[in-house]
Amino acid sequence: MGAKMKVCGCFLLVTLLAGARPGEVVLKRLEASAGSGGAFFVELQADGLEPGGVVRVGGKQAVVSEASSGRVLVEAPIKFTFGGLAVVEVRNPSGGTTRAVVEVQVPGSVVSWRAAARFLEQAAWGPSPESLVRVRQLGFERWIEEQFQAPLSDYPPVPEDDASQSLTPLQRRFFFNAVNGEDQLRQRVAFALHQIWVVSGLKTGQARMMTPYLRLLQRLAFDNYLTLMKEMTLNPTMGRYLDMVNNVKANPARGISPNENYAREIMQLFTIGTVRLNLDGTPVLDDDGLPVPTYNQRTIENLARVFTGWTYPPTPGRPPAATNPAYYEGRMVATEANHDTGAKELLDGYVIPAGQTAEKDLDDALTHLFHHPNVGPFVAQRLIRALVTSNPSPAYVARVASVFNANPRGVRGDLKSVVKAVLLDPEARRGDTQDNPPESGHLREPALYIAGLLRAMGASLAEANTLPSWASSMGQNLFFAPSVFNYYSLLYQPPEMDGLFAPEFEILTPATALIRANFADAVVYQRLGPAVTVDLTPLIELAAVHKWYLTEGLNRGLLYGRMDEAMRDRILVALDSIADPGAQAQAATYLVASSYRYQVKD
Amino acid sequence: MLTRRELFRFATAMAAWQRFARLPVLAQGDDYRALVCVFLFGGNDSNNTIVPLEAAAFRGYQSGRGTLALTQQSLLPIEAQGTPYGLHPRLTEIQRLYNQRRAAVIANVGLLVRPTTRDEYRQRLAPLPVNLFSHSDQQLQWQCADPRGDARTGWGGRIADRVAQGDFAMVSLAGNATYVNGERVRPMLVNLGAPTSLTGFSNTREHQARLQAFLEILELEDQRILVRTANLRARQGLRISQVLTRLLTGTSPLKTPFPATTLGRQMDQIARLIYARRELAATRQVFFASLGGWDHHVSLLASHDPLMSQLNGALGAFYQATEEMGLADRVVTFTASEFNRTLNANSNAGSDHGWGAHHFVIGAAVKGGMLYGTYPVVALNGPDDATGRGVWVPTTSLDQYGATLASWFGVRADGLRAVFPNLANFQPQNLGFLD
């Protein structure tokens, strides 16, 4: 059978004939639709169905919940589908067998499977069979609201003893949460915020340091940006990382000045950047056509004076001191004697008056910074790049930045509203129904590629996994960013791309490009160790019907239906040399997953 | 200091230049140069690497080091401008190269903001590098040439940015350390052992059919710019993987034997890559190798010994290989480490974190057989001792050390100021140990 076959909305009948045989089943109607709780129902009407006949879905024996003459209703878990396609096999005791491929419908859905898949690439760590149905059932906005309420995934408890402070359990838990956790959107946003408010294990490499920091990001992902600014500023791990903890006021007699590290980075990398921005993210230009700086060295020095006088929180059970020993739970506390109480001129002529406490100075400075017109476009650009596309149009940035500036209730900095704006914007959703312009999309960063592929394959993942070392070999050693500038610069422009942004390309090197393909190999050929189980049965079943269906399942499940015939042909030709459907499923999955048509999501 | 506007103009101009200058500049003749940084992670105890043998100095050494002192008979004698020193007993090759004037000692070099005296340190009268005795901070500062440790590029990468082109301009055998990252240059990361290659394909018909499809899919036209660019990089990855596999596995084209140690194997790989420089279209290269384990808080004498031996064997073989290739005057190898260690012992017969350290520079272009900089007065609470435990306030800054190397490598004066922002605080800016 070399002809192309299309799967239409209802069903496709594929009857395997080995000559006309008695006991042959003829399907008259075949429908599949998603129920709730991760199951779907197959209803078929057939002639020639014998008593004791078996209806199998996904190659496994499925529960027959009702059987009457000619009509069978079968319930199966949604994981027996791939890309919304399932294989139904009806086998009579006398031996006649019929197989059909059916697309699972979602009754009442206004969202197509392609749109749902694209959406979950942006709003989750990629679609899983279950989440695909859920989005189709709820629609985007209700799914997002449900995500706002989803229980938080946590990190392991911090060990007491010094010898057990490795970050490996945190790295492993990150992937466990990504593949299994319910709070998908929160995790994506928290990870995006981590890549802005970077803390690196290269300097703060103990679990007692990283865990509170990561939990804070997780907790504040849907809060207000000003709250995030304040909590991050007072986070002891951030204080250690950027030298704000135990930073004291100047001592001119000794030539000591406050440390400027945090003051510089909070402006440059966390809130406003180095040049003034329009609402749409483009740089403001002066009369000579040059960008306008946001701050100068004086601003940094004065902001450094603001951030003086903070020390670690007191360790429980020990008396508080002017300089507390290292302790990472809670917020830093102020020792007023070490705080510079002079007047300080900050951005744009704003002056903090003399004589204030450390906390008042900090609040005033952060509030003023928060209201800088740059913050909206700054945050908008970064969240859009993290979730949707590396090169949003200025109009898209402006729309999201406007929501940052004022959500529907007039509140500034509401991350829930900003995230909704990022995901529901027409530019984010355009690709649901049509091809995007050539510069669209972004390369999945290693964590997203790894978690996304496993979710798409419906893989099961245990906590004791080896995924962190894969991410590291692809250039993203989780929680060990090379510097405060993140695993890769959020402003990276590949030299070959003529001015386009593509941050993730900074770690796409000759070596990591191969390692990505090798990861696809490891997934498909079960080389990820006992912690990962990938069940290719749905794909094997599709291959057993016809290899075209295998490519079509992968097309829908991994490429949102945009596999072109050139790619399909290459895969089909390769499959001609492979006899066994299991081996075919592996080979075809490898070819799609390793391709950059999958790894660049668009 | 450049204003942001000037920086922006510079960046735009640089971007244009970079696009224009993507073709490798193959100079007339063999105008090849390579810098090889060997980073000793952990803080090498320089006090036992080069020991003063002048009578009073050696007494100060013995008295200060106590149980950590090496015996005079065990040390390998060298002479620096008339003053006797002794190298660690295992540094036989380095002694030989030093006596042949192919190696030099750079004394008491470390991170400084500006020239600093012991009293200024003790009375907190001078600005100091941040977190002076912290491994991570000092490693970062050594690699970035930034006493604040803020820079996200290393001076190796910044040198390569200015003088080198091509995929192999900056090569690291020790991972993606900050040292090897420039503004423009991305390091070629070479693993010890098999180079990164595509896995999962055997010679069966099935696998070859899949491989064929994989390669063809990488060549497919695609409207999407990001897909096209990624495909390009992946194809480049395959090519480089094949080249590196050919060059770095199997028998070396060089006859010089290398020790099969961690550092020996890295130096072997570097030598093979230098050998293949024309094929790799490389005329200027910066290499980064490393050896860890130098953090000798416990049992210094016993633990230091095998590492010194490994260092000696690897550096000796590497120099020999450069002679074999006729490039001995084109390659300069230099050591680096985040700090020295205390002169005196702790309670575990080890030494703790120090500051100013002594390093070796090796190559036929080195004006060797000499000591550059000022060897500290080896005495607890002496004029060079910052803390009372024999922690030397550096008298030569990392910036001067690096700038001398960079200048030989081809970075011009204005480039040096950009690569080493702190260099202006120090004189002389070129220490003069290279031709």
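Note on segment A:361-478: enclosed helices (runs of 4 or more DSSP H) holding 1 or more residues that are within 14 Å of another protein chain (Cβ to nearest Cβ) and under 30 Å from A:T509 (Cβ atoms) are A:375-387, A:446-456, A:467-473.
Entry remark, segment B:220-237: residues being touching a Leu at 6+ places or on another chain (Cβ under 7 Å) and within 7 Å of chain A (Cβ to nearest Cβ) number 7 in total.
For A:L285, are the conditions met, namely being modelled with pLDDT of 90 or more, of a type in the set (A, V, I, L, M, F, W, C) and either crowded, with 24+ Cβ neighbours inside 10 Å or within 26 Å of A:L228 (Cβ to Cβ) (or both)? Considered against the rule, which asks whether it is modelled with pLDDT of 90 or more, of a type in the set (A, V, I, L, M, F, W, C) and either crowded, with 24+ Cβ neighbours inside 10 Å or within 26 Å of A:L228 (Cβ to Cβ) (or both), A:L285 comes out as no. The set of residues in segment B:184-195 being out of contact with any Lys or Arg (no Cβ under 7 Å at 6 or more places or on another chain) and in contact (Cβ under 8 Å) with a residue 60 or more places away in the chain consists of B:R184, B:P187, B:V190. For A:P510, the criteria (1) within 11 Å of chain B (Cβ to nearest Cβ); (2) under 22 Å from A:I78 (Cβ atoms) hold in every case but one, which is (2). So, B:L198, is that one facing another protein chain (nearest Cβ under 9 Å), of a type in the set (A, V, I, L, M), in a loop (DSSP other than H, G, I, E, B) and touching a Ser or Thr at 6+ places or on another chain (Cβ under 8 Å) or not? Yes; evaluated as a whole, the condition is true for this residue. Within segment B:59-77, the set of residues being without any contact (Cβ under 8 Å) to a residue 40 or more places away in the chain and either in contact with a Lys or Arg (Cβ under 8 Å, 6 or more places away or on another chain) or crowded, with 18+ Cβ neighbours inside 10 Å (or both) comprises B:A69, B:L75, B:L76. Scanning segment B:323-350 for residues that are of a type in the set (F, W, Y) and in a loop (DSSP other than H, G, I, E, B) gives a single hit, B:F339. The lone criterion from (1) surrounded by fewer than 17 Cβ atoms within 10 Å (Cβ to Cβ); (2) within 12 Å of the chain's Cα centre (by Cα) left unmet by A:A451 is number (1). Can you name every residue in segment A:422-465 that is under 23 Å from A:L490 (Cα atoms) and without any contact (Cβ under 8 Å) to a residue 40 or more places away in the chain? Once the filter is applied, which keeps residues that are under 23 Å from A:L490 (Cα atoms) and without any contact (Cβ under 8 Å) to a residue 40 or more places away in the chain, segment A:422-465 yields A:D425, A:E427, A:P437, A:P438. Of everything in segment A:466-476 that is among the hydroxyl-bearing types (S, T, Y) and without any contact (Cβ under 8 Å) to a residue 40 or more places away in the chain, the residue that is surrounded by the most Cβ atoms within 10 Å (Cβ to Cβ) is A:S472. Answer yes or no as to whether A:N477 is more than 26 Å from B:F168 (Cβ to Cβ) and under 21 Å from the mean Cα position of the chain (by Cα). No, not satisfied.
All conditions but one from (1) hydroxyl-bearing (S, T, Y); (2) surrounded by fewer than 18 Cβ atoms within 10 Å (Cβ to Cβ); (3) within 14 Å of chain B (Cβ to nearest Cβ) apply to A:T299; the one that does not is (2).
Mind listing just one residue for me: the one in segment A:510-535 that is within 22 Å of the chain's Cα centre (by Cα) and of a type in the set (S, T, Y) and, of those, modelled with the lowest pLDDT? Going through the qualifying residues, I end up with A:T512. When B:L244 is tested against (1) part of a loop (DSSP other than H, G, I, E, B); (2) within 14 Å of chain A (Cβ to nearest Cβ); (3) crowded, with 21+ Cβ neighbours inside 10 Å; (4) not β-branched (V, I, T), exactly one condition is not met: (1). Residues in segment A:487-503 that are at the interface with chain B (Cβ under 9 Å from one of its Cβ atoms) and crowded, with 21+ Cβ neighbours inside 10 Å: A:P494, A:A502.
Can you tell me how many residues in segment A:159-170 are crowded, with 19+ Cβ neighbours inside 10 Å and either assigned to a loop (DSSP other than H, G, I, E, B) or within 11 Å of the chain's Cα centre (by Cα) (or both)? Summing the residues that are crowded, with 19+ Cβ neighbours inside 10 Å and either assigned to a loop (DSSP other than H, G, I, E, B) or within 11 Å of the chain's Cα centre (by Cα) (or both) in segment A:159-170 gives 1.
Taking the condition touching a residue at least 12 places away in the same chain (Cβ under 8 Å), within 14 Å of chain B (Cβ to nearest Cβ) and assigned to a loop (DSSP other than H, G, I, E, B), does A:N324 pass? It is false that A:N324 is touching a residue at least 12 places away in the same chain (Cβ under 8 Å), within 14 Å of chain B (Cβ to nearest Cβ) and assigned to a loop (DSSP other than H, G, I, E, B). For segment B:207-222, the criterion of being without any contact (Cβ under 8 Å) to a residue 40 or more places away in the chain, aliphatic (A, V, I, L, M), touching a Pro at 6+ places or on another chain (Cβ under 9 Å) and under 26 Å from A:D498 (Cβ atoms) is met by none of the residues. When the residues of segment B:133-153 are filtered to those that are over 21 Å from A:R264 (Cα atoms) and surrounded by fewer than 23 Cβ atoms within 10 Å (Cβ to Cβ), which remaining residue is nearest to the other protein chains (Cβ to nearest Cβ)? For segment B:133-153, the residue satisfying everything is B:S134. Applying the selection to segment B:114-132, what residues are at the interface with chain A (Cβ under 10 Å from one of its Cβ atoms) and either in contact (Cβ under 8 Å) with a residue 12 or more places away in the chain or touching a helix residue (DSSP H, G or I) at 6+ places or on another chain (Cβ under 8 Å) (or both)? Listed by number, the residues that qualify are B:Q123, B:R124, B:L125, B:A126, B:P127, B:L128, B:V130, B:N131. Please tell me if A:Y327 is surrounded by 14 or more Cβ atoms within 10 Å (Cβ to Cβ), hydroxyl-bearing (S, T, Y) and under 21 Å from A:M209 (Cβ atoms). Spelling it out, A:Y327 is indeed surrounded by 14 or more Cβ atoms within 10 Å (Cβ to Cβ), hydroxyl-bearing (S, T, Y) and under 21 Å from A:M209 (Cβ atoms).
Segment A:507-602 holds helices (runs of 4 or more DSSP H) entirely within its bounds, and those carrying 3 or more residues that are aliphatic (A, V, I, L, M) map to A:510-524, A:537-545, A:547-559, A:565-576, A:581-593.
Quick test of your reading of the structure: A:L491 fulfils all but one of (1) in a helix (DSSP H, G or I); (2) within 24 Å of A:L193 (Cα to Cα); (3) without any contact (Cβ under 8 Å) to a residue 60 or more places away in the chain; (4) not polar (S, T, N, Q). Name the failing condition by number. For A:L491, the exception is condition (1). Number of residues in segment B:65-97 that are in contact with a Leu (Cβ under 7 Å, 6 or more places away or on another chain), outside any helix (DSSP H, G or I) and either β-branched (V, I, T) or modelled with pLDDT under 95 (or both) equals 1.
Here A:R305 meets each of (1) assigned to a loop (DSSP other than H, G, I, E, B); (2) surrounded by 13 or more Cβ atoms within 10 Å (Cβ to Cβ); (3) away from chain B (no Cβ under 14 Å) with one exception, condition (1).
Being in a helix (DSSP H, G or I) and touching a helix residue (DSSP H, G or I) at 6+ places or on another chain (Cβ under 8 Å) is the filter; apply it to segment B:161-190 and report the residue that is nearest to B:A281 (Cα to Cα). For segment B:161-190, the residue satisfying everything is B:V163. Do we find that A:G317 is away from chain B (no Cβ under 14 Å), part of a loop (DSSP other than H, G, I, E, B) and exposed (fewer than 15 other Cβ atoms within 10 Å of the Cβ) in this structure? Yes: the conditions hold for A:G317.
The values are calculated or read from the model by the stated rules, or taken from the named source; none is laboratory data. Bear in mind that the values here come from a model prediction, so they are computed numbers and not experimental data. No Cβ is skipped: glycine too gets one built from the backbone with ideal geometry, and neighbour counts run over all protein chains shown.
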